[in-house]
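Asks: Quick one: the structure is below, questions incoming.
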Amino acid sequence: REFQAKPVPLPRLDARPNGQPYNANNGLDEKPSNIVLFLAPDADFQERYPQDANFLVSKGSVTLARGKQTKRVIPIASATARVDLSPIISLMQSGDRIVVYVEEIVRVNYDNKSIPIPFTSDATLNIN
């Protein structure tokens, strides 16, 4: 008897300045020093396979943008859940945007193996 392997449902990107939930209606009153990249797993998948529902961003970038200009880019090139913004914090001004772009994530399974997964998502944080 054969079993069909179901694909793992993709998580949802939740970019959290300084680890705090971001409210797009309010924007950011303070310059964040880091962004936590929380990948929220599908609720059903997490309930059924809690040891397999761990995700990290492995490829992407964090961009400081002003108007139509890119001021600075911080690349993400290895599995991480947090990006240090110290290279761009001194450049941040009122009206700027911090744009998080994710190209790939890894799922860390029950055996602690990292499985790369193509993933495209972005989040924009506005600085007041």
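The values are calculated or read from the model by the stated rules, or taken from the named source; none is laboratory data. Being a predicted model, the structure only gives us computed values, none of them experimental. Counting neighbours? That spans all protein chains shown, and the Cβs are built from the backbone with ideal geometry, glycine included. Just so you know, the surface numbers come from the protein's heavy atoms only, side chains and all, with ligands and any DNA or RNA stripped out. Shrake-Rupley method; radii C 1.70, N 1.55, O 1.52, S 1.80 Å.
Asks: Compute the distance in nm between two label points, each set 7 Å from the Cα along the Cα-to-Cβ direction, one at residue 48 and one at residue 126.
Replies: Once both label points are built, they end up 3.9 nm from each other.
Asks: Then there's this: On the protein heavy atoms, probe 1.4 angstrom, tell me the percent of accessible surface of the stretch 76-128 carried by carbon and sulfur. Don't jump to the answer; show the numbers that get you there.
Replies: On the way: 1350 of 2860 Å².
Exposed carbon and sulfur together represent 47 percent of the surface.
Asks: On alpha-carbon atoms, Rg over Rh for the stretch 7-92 using Kirkwood Rh? Numbers along the way, then the final one.
Replies: Numbers: Rg = 14.9 Å, Rh = 14.5 Å.
Using Cα coordinates only, the ratio equals 1.03.
Asks: Further question on the same structure: Lys pairs in the chain, Cα-Cα under 27 Å, at least 8 apart or on separate chains: how many?
Replies: Counting lysine pairs in the chain gives 8.
Asks: Would you mind calculating the relative contact order of the chain from Cα pairs under 8 angstrom and at least 6 residues apart, reporting the percent as a whole number?
Replies: Taking the mean separation of contacting Cα pairs over the length of the chain, I get 27 percent.
Asks: So for the stretch 55-105, what percent of the C-alpha to C-alpha distances run longer than 17 Å?
Replies: Of all Cα-Cα distances in the stretch 55-105, 34 percent exceed 17 Å.
Asks: Given Cα positions, please report Rg to Rh for the stretch 1-47, the hydrodynamic radius being the Kirkwood one.
Replies: With Rg and the Kirkwood Rh in hand, the quotient comes to 1.24.
Asks: Full-extension gain between residue 79 and residue 33, please, as 0.36 nm times their residue separation minus the C-alpha to C-alpha distance. Mind dumping the intermediate values first?
Replies: Numbers: separation 46, 0.36 × 46 = 16.56 nm, distance 1.92 nm.
Going from the current span to full extension adds 14.6 nm.
Asks: Hey, another quick one. Per the helix-only calculation at 222 nm, which mean residue ellipticity applies to the chain, given -39500 (n - 2.57) for every DSSP H run of n ≥ 4 and division by its residues, nearest 500 deg cm²/dmol?
Replies: Calculated at 222 nm, the ellipticity per residue is -1000 deg cm²/dmol.
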